[in-house]
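What follows is a set of notes on a single structure, which appears directly below.
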Ligand code: ZN
């Protein structure tokens, strides 16, 4: 069996849908025209993944402006219009965030219609990405809860209810995105894993958690440049995630200073190894990808390796992102020769 392939989640949006190469772009259209254009963009995102040879596809997050805000702003208790500036990811960068003004309630399905549509586009495995509880906490301004943990569990219950409806429309994999896990190690141990497990409790589909060093935006690139020659964040996080309910852990490896031996800390989890660098416009060759997979194979048995991108590709150049999809699939195939 060749190595399985997937992507972390997002793909660039076409310029006719939203401002290109932005992490929080302005939509080009509104109302029914916007919804129609989002579906067209989803058709392209899914078909480009399939054309490249990616096995488990996503909707490319074509119907949300941002991977966190797209979920948070549609919850009861979140005032999407009361937007405030705050430092996020331990003040790595400032972001304008919605405000939690009351009890978090999931008053209506959030990404369910988008995925019902995406489901019609492929018979193969379909993955939905949802921000995890801690990343949600870290991307809002809280004026209602007494602690980050309390707010985190409120988000977790909303995610759990959303997942149940997503499974009903036929998704195969749910992935919670927790870049905040790579920042707040004490909180991951204190309540982050429990909140993650609350969100995933009852999920009858495959489950995954994505922990990364972020999009290839300047603030992240600068942060990474100051992390030194050996990035030991995963050495803190993976042993904790190994005890979580998530079946798969999606992490960054390509083009990074992540020491590959941390992969051995993932317990018995499947690891979606990032073999595509999203912080570089250079398109990997299939041989580059194969070499990264070979590195992972030193620490993981083949059956626990999935090949993925380091993170979402939303802010990238579109042609580069699509070329990277092809490199990912071709490299995974190359590494599979002889298996
Ligand atoms: Zn990521």
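Conditions (1) at pLDDT 95 or above; (2) under 23 Å from residue 315 (Cα atoms); (3) away from the ligand (no atom under 16 Å from the Cβ), marked per residue:
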site: 198; (1), (2), (3): yes, no, yes
site: 204; (1), (2), (3): yes, no, yes
site: 209; (1), (2), (3): yes, yes, no
site: 213; (1), (2), (3): no, yes, no
site: 225; (1), (2), (3): no, yes, yes
site: 236; (1), (2), (3): yes, no, yes
site: 258; (1), (2), (3): yes, yes, no
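State whether the residues of segment 240-247 include one that is buried (at least 19 other Cβ atoms within 10 Å of the Cβ), within 16 Å of the ligand (Cβ to nearest atom) and modelled with pLDDT of 95 or more. Reasoning before the result, please.
Step one: of segment 240-247, the residues buried (at least 19 other Cβ atoms within 10 Å of the Cβ) are 241, 244, 246.
Then keep just the ones that are within 16 Å of the ligand (Cβ to nearest atom); that gives 241, 246.
Now restrict to residues that are modelled with pLDDT of 95 or more: 241, 246.
Yes, segment 240-247 contains a residue that is buried (at least 19 other Cβ atoms within 10 Å of the Cβ), within 16 Å of the ligand (Cβ to nearest atom) and modelled with pLDDT of 95 or more.
Scanning segment 281-300 turns up no residue that is in a loop (DSSP other than H, G, I, E, B), more than 14 Å from the ligand (Cβ to nearest atom) and at positive phi. Residues that are in a helix (DSSP H, G or I) and in contact with a strand residue (DSSP E or B) (Cβ under 7 Å, 6 or more places away or on another chain) within segment 197-217 comprise 199, 200, listed in sequence order.
Determine whether segment 51-69 contains at least one residue that is assigned to a loop (DSSP other than H, G, I, E, B) and exposed (fewer than 15 other Cβ atoms within 10 Å of the Cβ). No, segment 51-69 contains no residue that is assigned to a loop (DSSP other than H, G, I, E, B) and exposed (fewer than 15 other Cβ atoms within 10 Å of the Cβ). Looking only at residues in segment 140-161 that are under 30 Å from residue 4 (Cβ atoms) and surrounded by fewer than 24 Cβ atoms within 10 Å (Cβ to Cβ), the one that is farthest from the ligand (Cβ to nearest atom) is 161.
The listed residues are 64, 89, and the only one of them that is farther than 22 Å from residue 164 by Cα and within 16 Å of the ligand (Cβ to nearest atom) turns out to be 89.
The residues of segment 111-132 that are in contact with a strand residue (DSSP E or B) (Cβ under 8 Å, 6 or more places away or on another chain) and either under 18 Å from residue 156 (Cα atoms) or in a strand (DSSP E or B) (or both), listed by number, are 111, 126, 127, 128, 129, 130, 131, 132.
The values are calculated or read from the model by the stated rules, or taken from the named source; none is laboratory data. A quick note: this is a predicted structure, and the numbers were derived from the prediction, not measured. No Cβ is skipped: glycine too gets one built from the backbone with ideal geometry, and neighbour counts run over all protein chains shown.
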